[in-house]
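Reading through the structure tokens given below for one structure.
What follows draws every value from the coordinates through simple rules; no lab data is involved. Note that the coordinates shown come from a computational prediction; the quantities given were computed from them, not determined experimentally. Cβ: placed from backbone, ideal geometry, glycine included. Neighbour counts: every protein chain shown.
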Amino acid sequence: MTTTFEPDKLQGALTDIHDAGMPGVFAEVRNHDQIWCGAAGVADLATGRGVTADMRHRVGSITKTFTAAAVLQLVDDGEIDLDTAIGHYLPDLVPGERGNAITVRMLINHTSGLAEYLPYAYPSLAAFPNLAKTTPASLDDNRFTRFQATDLIAMGVAAPATGRPGIPPGVYSNTNYLLLCQLLESITGTSAEKLITRNVIERAGLRDTELPLGLTVNGPHSLHYESWFGMIDPPRDYSVYNMSWVGPAASLISTVTDLNRFFALLLAGEIISPSALEQMQRTVPVISFEGKTIDYGLGLHKTTIPGRGIHWGHDGSVWGGGAISLTSGDGTRQLSAAVNLQRWNPLDPTGKPHPHPIDHALATFTHLALGG
């Protein structure tokens, strides 16, 4: 594996992402004790204000790794058992036979069979993933809507099951992680936001990471531009948003530096115990929102980079914002990157996302950053 950085090549590859159509992109790459930070493009299309590598950003479902870590800390403490039915802990939210069949482990690795609630909370996205029949109107309609987590969970529980509990492949669903947040609160008497902040974010020393209660991203940040597969033209800023529609399943605000620090500590066994980390790294096949099969553990993706081996981490997307964080299996190489445009792919005549130059540029930078 490459042991030194080539800053010009890294910056060039990052600039290529911007040139391919991404308004702004920024990243931090670590190799042993070496650190490289870079940025390319703009944070605000109207003013031309540039992005910088220290910006705070909504990182979407990377939040799930933080939530999973908080649950596993309680597993370490003997307060939660991974293979106990969720109906034992939350009988009112997942009642009856399903509650007795779905375990805590199945929620964390998305093999519960519980459906995604998003199409029900955002009615105009009800055809998702049949994108040709979907409109983005709900994004504006619900910009300031305050959702109740239990209402969202009820939508997911009432929806047709996506599979039998515990039988892979699982199907990715935010319903699972909102239930985990309710579990954390039920066990500790503390809100999931406060518990994750105290036991994970503060324990890891993450100074620029938070689970927001307000509508805005505090501190220096980029606007978050949503295209919704070309249906929002030009892309619209959704950086001001009520994130109660996902809560501690995907609402985290962080920086690329904090993400690298968090995953380094997590994978070194300093956030949860080594035995809990071993459980976290047991993967099953899970079908993502995009229809891809991913190797998913307990809040962790396992990704194999050609020529670079196994990497652990997570990615995430919210309206207009995206991020990814990957750490090599030996912990020596890390990449965290953030982008300020989402769903940039146009749809082909069948309604499927068409490849875009941004995709290739992102893949090229990722491979280079991880030592390719």
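Helical content alone sets the calculated 222 nm signal of the chain at -8500 deg cm²/dmol, taking -39,500 (n - 2.57) per DSSP H segment of four or more residues and averaging over every residue.
Label-to-label distance, D83 versus D19, with points set 7 angstrom from Cα along the beta-carbon direction: 5.5 nm. Just checking the listed ones, N100, N260, N31: in the Gaussian network model of the chain with Cα springs under 10 Å, the one fluctuating most is N100. Neighbour counts of other Cβ atoms within 10 Å put I196, I310, I80 in the fewest-to-most order I310, I80, I196.
Listed by chain and number, the lysines placed with their C-alpha closer than 23 angstrom to that of K302 are K64, K292; residues fewer than eight positions away on the same chain are left out. Taking the inverse of the mean 1/r over every pair of distinct Cα atoms in region 7-369 gives a Kirkwood hydrodynamic radius of 20.5 Å.
Comparing A337, A250, A158 in a Gaussian network model of the chain where C-alpha atoms under 10 Å apart are linked, the largest mean-square fluctuation is found at A158.
Normalising the average separation of contacting C-alpha pairs (under 8 angstrom, six or more residues apart) by the number of residues puts the relative contact order of region 7-369 at 26 percent.
Along the axis of the charge dipole computed for region 77-231 (Cβ charges of +1 for Lys and Arg, -1 for Asp and Glu, origin at the Cα centre), the listed residues G163, A137, T84 are led at the positive end by A137. Which aspartates and glutamates have a Cα lying under 16 Å from the Cα of K133, excluding residues fewer than 8 positions away in the same chain? K133 reaches E290, D348.
F128 to E202: extension gain in nm, 0.36 nm per residue of separation minus the Cα-Cα distance? Write down the numbers at each step before the final one.
Working: separation 74, 0.36 × 74 = 26.64 nm, distance 3.65 nm.
Difference between extended and current length: 23.0 nm.
Taking the Cα centre of the chain as origin and assigning +1 to Lys and Arg Cβ atoms and -1 to Asp and Glu Cβ atoms, the resulting dipole is close to 300 debye.
Placing unit charges on the Cβ atoms only, positive for Lys and Arg and negative for Asp and Glu, gives region 94-168 a dipole magnitude near 160 debye about its Cα centre. Compactness ratio for region 1-148: Cα radius of gyration over 2.2 N^0.38 Å (N = residue count) comes to 1.48. For the chain, a Gaussian network of Cα nodes joined below 10 Å ranks D33, D233, D258 by mean-square fluctuation, and the top entry is D33.
The gain in end-to-end length when the I167 to N242 segment is fully stretched comes to 23.6 nm, 0.36 nm per residue minus the alpha carbon separation.
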